[in-house]
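The values are calculated or read from the model by the stated rules, or taken from the named source; none is laboratory data. Keep in mind that what you see is a predicted model, and the values were worked out from it rather than measured. Using ideal geometry, Cβ is built from the backbone for each residue, glycine included, and neighbour counts are taken over all protein chains shown. We work out accessible area using only protein heavy atoms, side chains counted, and drop any ligands, DNA or RNA first. Shrake-Rupley method; radii C 1.70, N 1.55, O 1.52, S 1.80 Å.
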Amino acid sequence: MRKFACVLLTTFAFCGFAKADTQAPVPTDALKKSVAQAVDQFVIPAYGQFKSAAESQNDAYARLCSAPSEEALADVQNSFADVVKTFSRIEAFRFGPARDDNRFERLLFWPDPRGRGLQQVQSLLLEKDESATSLETLQQKSVAVQGLLALDFVLFGTGYEAQATLEGAFRCRYGATMAQSVLHISNALYDGWSAPGGYGDLMKSAGPEDVRYKSTGEAMQEFLRAAREQLQILRDTKLMPPLQDSVDTAKPKLAPFWRSDLTLLSMISNVEGIADLVDSWSLENALPADRHYLSEQLALELGMARDALNQTEVSADRTFEGHLSTQEDYDRLTYASLPLTGAITLLTGDVPAALGLIAGFNAMDGD
């Protein structure tokens, strides 16, 4: 009964039984299995899904530019939604191959509080800068003009309809080049994780002689940190700023992907990605017997956050702006921050402590 009470109350206050305390280290083989399962069962397959979505988007954009039509434009927009969904599931992995060549920033330049990225994209469109229609020269430009949010504007921002006609040829070529860039990066990320001797193998073979991870515990810490920071980013930079203080003061345009109305899809995919990562760890097998409840507790928090976002998305045929202007939906989104906080707390202290690990540096805390 005490365990059940802890699970139910975790969003609001952790009871004494769930308190992080000194714990004997978990056997290395248990952590090693958790890391290996994360890499093989979630990370690499998820990058494969992102790669497939990027391939479909690239093909759809090529068809649009060669034969402009409203139907072809709709196909590109639909393929973009798949790219956003699959990327959002792996958005937490800002380490490893994502760090090389600024790959992560070239995919997602966010947050951009001053809107400099949008200004640069609009300038390219206005000037019809042909250097933005070549993959080699586009990749030499600011990361703000070559990622998913730049593509979001090209596909859904002011004047996007022109791509269905010959008059929108430049905009289409620019968008198609960004789609090529996304595909190029998705291939590099997938290969970086899955290739023999790649980053996946590096994490699985962690040990004293390894360059990056001196122990399996360090590899597991990397995953814990990534999961925690992604939930913090979701809560603190994507969800809470648009909510502001009330329905009357809400600012939906502070959220990413509001033009394409993919804001909630990306948020849900963020949570689902972390939930699937956590599930791949099989924490119930790695945690000490008297801490098995933490696995259920974490799954419950993530499930409640996902459900609140899902219920908002399906509550009515509304845009993200419409959801924030409706009190019922606004309240659901406000509530979602509570289980997100509960999951962040678990990933910060309780779970690492139970695994005999230290939570470690958090990039969201500054330096």
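Taking Cα centroids, how far is the range 74-112 from the range 213-274 in Å?
Using only Cα atoms to place each centre, the spacing works out to 13 Å.
Taking a cut-off of 23 Å, what percent of all Cα-Cα pairs in the range 214-317 are separated by more than that?
Percentage above 23 Å: 36.
How far is helix 263-281 tilted off the main Cα axis of the chain, in degrees rounded to 10, range 0 to 90?
It is inclined by approximately 40 degrees.
Tell me the volume per residue, in Å³, of the convex hull enclosing the alpha carbons of the range 118-261.
Here the figure is 146 Å³ per residue.
For VAL314 and ASP40 in one chain, what is 0.36 nm times their gap in residues minus the Cα-Cα distance, to one decimal in nm?
95.4 nm
How do HIS323, HIS292 rank by accessible surface area computed with a 1.4 Å probe, from largest to smallest?
HIS292, HIS323
Using just the C-alpha positions of the range 32-164 as equal point scatterers, what log10 of I(q)/I(0) does the Debye formula give at each q in 0.10, 0.15, 0.20 1/Å?
-0.37, -0.80, -1.31
So what's the convex hull volume per residue for the Cα atoms of the chain, in Å³?
141 Å³
Suppose all protein chains stay in the model; what accessible area per residue would a 1.4 Å probe give for the chain, in Å²?
About 44 Å² of surface per residue is accessible.
How big is the Rg/Rh ratio for the range 307-362, C-alpha atoms only, Rh by Kirkwood, two decimals?
Expressed as Rg/Rh, it is 1.23.
Report the far tail of the P(r) of the range 211-253, meaning the percent of Cα-Cα pairs longer than 13 Å.
Here the tail beyond 13 Å accounts for 63 percent of pairs.
At a 1.4 Å probe radius, carbon and sulfur cover how many percent of the accessible area of the chain?
Summing carbon and sulfur atoms, their accessible area is 52 percent of the total for the chain.
Might you work out the accessible area of ARG103 for me, using a 1.4 Å probe with all protein chains in place, and round it to the nearest 10 Å²?
40 Å²
With the alpha-carbon atoms as the only input, what is the per residue convex hull volume for the range 259-367 in Å³?
114 Å³
Relative to the longest principal Cα axis of the chain, at what angle does helix 28-37 sit, 0 to 90 degrees, rounded to 10?
The answer is roughly 20 degrees.
Local charge sum around TYR174 (other residues, Cβ-Cβ under 12 Å, Lys/Arg +1, Asp/Glu -1)?
Here the count lands on +1.
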